[in-house]
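The values are calculated or read from the model by the stated rules, or taken from the named source; none is laboratory data. As the structure is a computational prediction, the values presented were derived from the model and not from experiment. Here the Cβ is made from the backbone with ideal geometry for all residues, glycine too, and neighbour counts use every protein chain on show. Keep in mind that these areas ignore ligands, DNA and RNA; they rest on the heavy atoms of the full protein, side chains included. Shrake-Rupley method; radii C 1.70, N 1.55, O 1.52, S 1.80 Å.
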Amino acid sequence: MKNRRLFWNIVARIEVLIDSGQYPPGSRLPPERELAENFEVSRPTIREAIIALEVLERVEVKTGSGVYVLEHTKQNTGLEISAFELTQARALVEGEAAALAATTISEAELVRLKQTLVEMGKGVNPELADKEFHLIISTATRNNAILMAVNDLWKLRESSPLVKAAYKDVCSQSDEKRLEEHTSIYQALVDRNSQAARAAMHHHFNRLINALFEANEKKALEEVRKQTSQTRDLYSLSHLVSPKV
């Protein structure tokens, strides 16, 4: 069971690298030996992860050539999910994930979490560091269903045009706040405090969803002003009013 959890952890981490563009479609993954060294696991664990990625149609194994990243065809469920719905779902799922992880997270995972904070603070690909932070926590729950749920919510965030547009308006303007919130979550996990971890994660998403509402209201106000201006121009009598002499 431990080995099973481990290779699914590697699957999720490789998917993060693929989705972030580090390994774009058509590129070849590093050799098995290099991946094993990078992820600090055995080569058999890497082989199992590659098999899983092949089943998920994320990679293609070409005998004698290597492992190549495939163009990922995202499934269309027919449902249109808003940024508000996605953020609420993430808060519910990841709040409980943080609470559970506080009791199960390893010292090695805490070290990796802290490294993502360092990367955010330095501005080193903060979006990738953000995603890795949340996936490390979901992996630390030792529950593959939770890991899959969190990973799928991230994929939705990255694939939905509506969600991507909404998040773009707020995420790029809140790097400092995001780092503060992630630091609070990290500290609660270090303290093994489930209640504090859940509360810190909820606080993080509450700030995000309020920022989404503010951005939405701003856009709506701008649209009203635009429509009012167009109506004013249409019915204005300015051209009939003689200038004062």
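For the range 113-208, what does the accessible surface come to per residue with a 1.4 Å probe? Please give it in Å². Before the final figure, lay out the partial values.
Values: 4500 Å² over 96 residues.
Value returned for the range 113-208: 47 Å² of accessible area per residue.
Which angle between 0 and 90 degrees, to the nearest 10, do you get for helix 43-55 versus the longest principal axis of the chain when only C-alpha atoms count? With rounding to tens, the tilt is 50 degrees.
When you count the other C-beta atoms within 10 angstrom of each residue and take the mean per peptide, 185-191, 135-141 line up highest first as 135-141, 185-191. Dipole check for the chain: with +1 at the C-beta of Lys and Arg, -1 at the C-beta of Asp and Glu, and the Cα centre as origin, the magnitude is about 160 Debye. The modelled label-to-label distance between His203 and Ser42, using points 7 Å beyond Cα along the C-beta direction, is 4.2 nm. Direction-averaged projected area, Cα convex hull, the chain: 19.2 nm², rounded to one decimal. Among Arg192, Arg13, Arg43, the largest mean-square fluctuation in a Gaussian network model of the chain, built with springs joining Cα atoms closer than 10 Å, belongs to Arg43. Highest GNM mean-square fluctuation among His203, His72, His134, for the chain modelled with Cα contacts below 10 Å: His72.
For the chain, adding -39500 (n - 2.57) for each run of n ≥ 4 DSSP H residues and dividing by the number of residues yields -24500 deg cm²/dmol at 222 nm. Within the assembled protein chains, the solvent-accessible surface assigned to Leu56 is about 70 Å², based on a 1.4 Å probe.
Measure nothing but the geometry: give the 0 to 90° angle between the long axis through the Cα atoms of 144-159 and the longest principal axis through the Cα atoms of the chain, rounded to 10°. The two axes meet at around 40 degrees.
If the segment from Arg232 to Glu158 were pulled out straight at 0.36 nm per residue, it would be longer than the present Cα-Cα gap by 22.6 nm. Size descriptor for the range 97-179, Kirkwood hydrodynamic radius: 13.6 Å (Cα pairs only, one decimal). Each part reduced to its alpha carbon centroid, the range 95-132 and the range 13-35 end up 20 Å apart. Between Asn216, Asn206, Asn193, the residue with the greatest mean-square fluctuation in the GNM of the chain (Cα pairs under 10 Å linked by springs) is Asn216.
In this calculation the C-beta distance from Arg33 to Ala145 is compared with R0 = 25 Å, giving a FRET efficiency of 0.20. Taking the Kirkwood radius as Rh and the Cα radius of gyration as Rg, the range 1-140 has a ratio of Rg/Rh equal to 0.98. Only lysine pairs 8 or more places apart, or on different chains, with alpha-carbon atoms under 15 angstrom apart are counted in the chain, and they number 12.
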